[in-house]
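Okay, structure first, notes after.
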Amino acid sequence: MLTVKSIPAFNDNYIWLIHSPDNHCVLVDPGDAAPVIKVLEQEQLILDAILVTHHHHDHIGGISELKRHYPKANIVAPVNEPIPGASQTVNDGDQVEIFGERFMVLGVPGHTSGHVAYVGDGKLFCGDTLFSAGCGRLFEGTPEQMYLSLQKLAALPEETEVYCAHEYTSSNLAFALVAEQDNPHLQRYRETVSRLRAHGISTIPSTLRQEKLINPFLRCDQASIKKSVADKAFDDSDLETFAALRRWKDDF
């Protein structure tokens, strides 16, 4: 099993550092170079590669500076996203090897049109597609694209750990508890999250098993969610339930 460490950046970003026992590492979505370089120097780590999920600045802003410090690092980026300095482009169905573990590349458009996720070793690095108790905004994609992307992630093994890129859990829960007020799993999860955040502890990673119980965007087939959006949806299909839920969350 690979070891994963979070490097906090900006107000609520997580840069993920995957490291091997022999002091080599891979980064996911380094939006800021400074905190990364500090960790790499303190722990005497060698940067082998950077995995990019999408083109937003808070995910790629540190790449140029890191490339200057670590010129041999391989920059792995989605083929359909404008990522400066990319040395390897990947698409849905491709594979990337990280310290002997094979990671599958999943195309997950919605937040952006070319967004990808990386899954392997029981870990999912999903950028801004799936959050704990929430999902990403639709900046470039359609509701149908995001819905299908989330369904693709939900089909992974339930024990898969979810490494999303932001600490949005508390605010996502505020909406989820309105969307599904009588969900006992949500109520228990809120207590856990409140306790963790009060002590400055991250709520990430989550698991897909947990998310299927508490994340309204993965529960659009449930009568409780359909009822909540009945006055906002054009029909009661799972897709329109998702679309109505996302529109509601945008204005929440």
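The values are calculated or read from the model by the stated rules, or taken from the named source; none is laboratory data. This one's a predicted model, so the numbers in the text were calculated from it and none came from an experiment. Note: ideal-geometry Cβ built from the backbone for every residue, glycine included; neighbour counts use all protein chains shown.
Values computed for the structure shown
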read-out: Residue within the stretch 89-100 that is more than 18 Å from the chain's Cα centre (by Cα) and more than 22 Å from residue 2 (Cα to Cα) present; value: yes
read-out: Residue match in the stretch 66-73 (condition: surrounded by fewer than 21 Cβ atoms within 10 Å (Cβ to Cβ) and within 20 Å of residue 128 (Cα to Cα)); value: no
read-out: Of all residues making up the stretch 138-175, the number that are among the β-branched types (Val, Ile, Thr), within 14 Å of the chain's Cα centre (by Cα) and more than 18 Å from residue 8 (Cα to Cα); value: 1
read-out: Candidates 165, 233, 179, 243, filtered to the one that is without any contact (Cβ under 8 Å) to a residue 24 or more places away in the chain, of a type in the set (A, V, I, L, M) and either in contact with a helix residue (DSSP H, G or I) (Cβ under 8 Å, 6 or more places away or on another chain) or within 30 Å of residue 29 (Cβ to Cβ) (or both); value: 233
read-out: Whichever residue in the stretch 25-78 is of a type in the set (D, E, K, R) and touching a strand residue (DSSP E or B) at 6+ places or on another chain (Cβ under 9 Å) and, among such residues, is nearest to residue 118 (Cα to Cα); value: 29
read-out: From 117, 154, residue being touching a residue at least 40 places away in the same chain (Cβ under 8 Å), among the aliphatic types (A, V, I, L, M) and crowded, with 24+ Cβ neighbours inside 10 Å; value: 117
read-out: Pairs where the first residue, in the stretch 20-38, is exposed (fewer than 15 other Cβ atoms within 10 Å of the Cβ) and outside any strand (DSSP E or B) and the second is modelled with pLDDT of 95 or more and not polar (S, T, N, Q), C-beta under 7 Å, 6+ apart; value: 23/45; 23/46
read-out: Subset of the stretch 209-234 [crowded, with 21+ Cβ neighbours inside 10 Å, of a type in the set (A, V, I, L, M) and under 17 Å from residue 131 (Cα atoms)]; value: 214, 218
read-out: Condition check for residue 175: aromatic (Phe, Trp, Tyr) and surrounded by fewer than 19 Cβ atoms within 10 Å (Cβ to Cβ); value: yes
read-out: Matching residues in the stretch 157-167 - criterion: being surrounded by fewer than 19 Cβ atoms within 10 Å (Cβ to Cβ) and under 22 Å from residue 222 (Cβ atoms); value: 157, 158, 159
read-out: Residue in the stretch 133-142 that is at pLDDT 95 or above, outside any loop (DSSP other than H, G, I, E, B) and surrounded by 22 or more Cβ atoms within 10 Å (Cβ to Cβ) present; value: yes
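Table: residues versus (1) within 23 Å of the chain's Cα centre (by Cα); (2) in a helix (DSSP H, G or I).
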{"site": "177", "(1), (2)": "yes, yes"}
{"site": "181", "(1), (2)": "no, no"}
{"site": "189", "(1), (2)": "yes, yes"}
{"site": "193", "(1), (2)": "yes, yes"}
{"site": "202", "(1), (2)": "yes, no"}
{"site": "227", "(1), (2)": "no, yes"}
{"site": "235", "(1), (2)": "no, no"}
{"site": "239", "(1), (2)": "yes, yes"}
{"site": "249", "(1), (2)": "yes, yes"}
